[in-house]
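Below is one structure, written out as structure tokens; comments come after it.
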Amino acid sequence: MTKKPNRAGFDLVVSKFKSQSDMARALGVTRAVVSIWRTGGIPIKYIPELRKMTGLRGRDICPEVADMMD
């Protein structure tokens with residue numbers, strides 16, 4: 001059984017940017033990629049960078065990997 005991605009974490013991260021487009025631009029990915037993350041979850045490799053950009057804790061972005069990130 002797979003866990004659902006943390007939609008609240010995604011929404012929280014996007015709220016730190018003006019839009020999904022701004023988030024995509026800051027990370028060097030396309031808007032389409034960020035849109036996929038909305039339903040599929042933010043890939044773990046982007047969490048450290050997002051922590052630096054947003055000031056959020058890893059557990060706020062993706063609780064599933066909180067122990068590895070904080």
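Each value in this text was obtained by applying a stated rule to the coordinates, not by laboratory testing. Treat the numbers as computed from the prediction; the structure is a model and nothing was measured. Virtual Cβ from ideal backbone geometry, glycine too; neighbours counted across all protein chains shown.
For region 1-60, the set of trypsin sites (Lys or Arg not before Pro) satisfying both a DSSP loop assignment and a count of at most 14 other C-beta atoms within 10 Å is given as Lys3, Lys18, Arg57.
Rounded to the nearest Hz, the phi-derived 3J(HN,Hα) couplings of region 21-34 under the Karplus curve 6.51 cos²θ - 1.76 cosθ + 1.60 (θ = phi - 60°) are 4, 5, 4, 4, 4, 5, 8, x, 10, 7, 4, 4, 4, 4, where x marks glycine and proline. Couplings 3J(HN,Hα) for region 40-52, derived from phi with the Karplus relation 6.51 cos²θ - 1.76 cosθ + 1.60 (θ = phi - 60°), are x, x, 6, x, 4, 5, 8, 5, x, 5, 5, 4, 5 Hz, where x marks Gly and Pro. A simple count of charges around Val14, restricted to other residues whose Cβ falls under 12 Å of its Cβ and scoring Lys, Arg +1 and Asp, Glu -1, yields +3.
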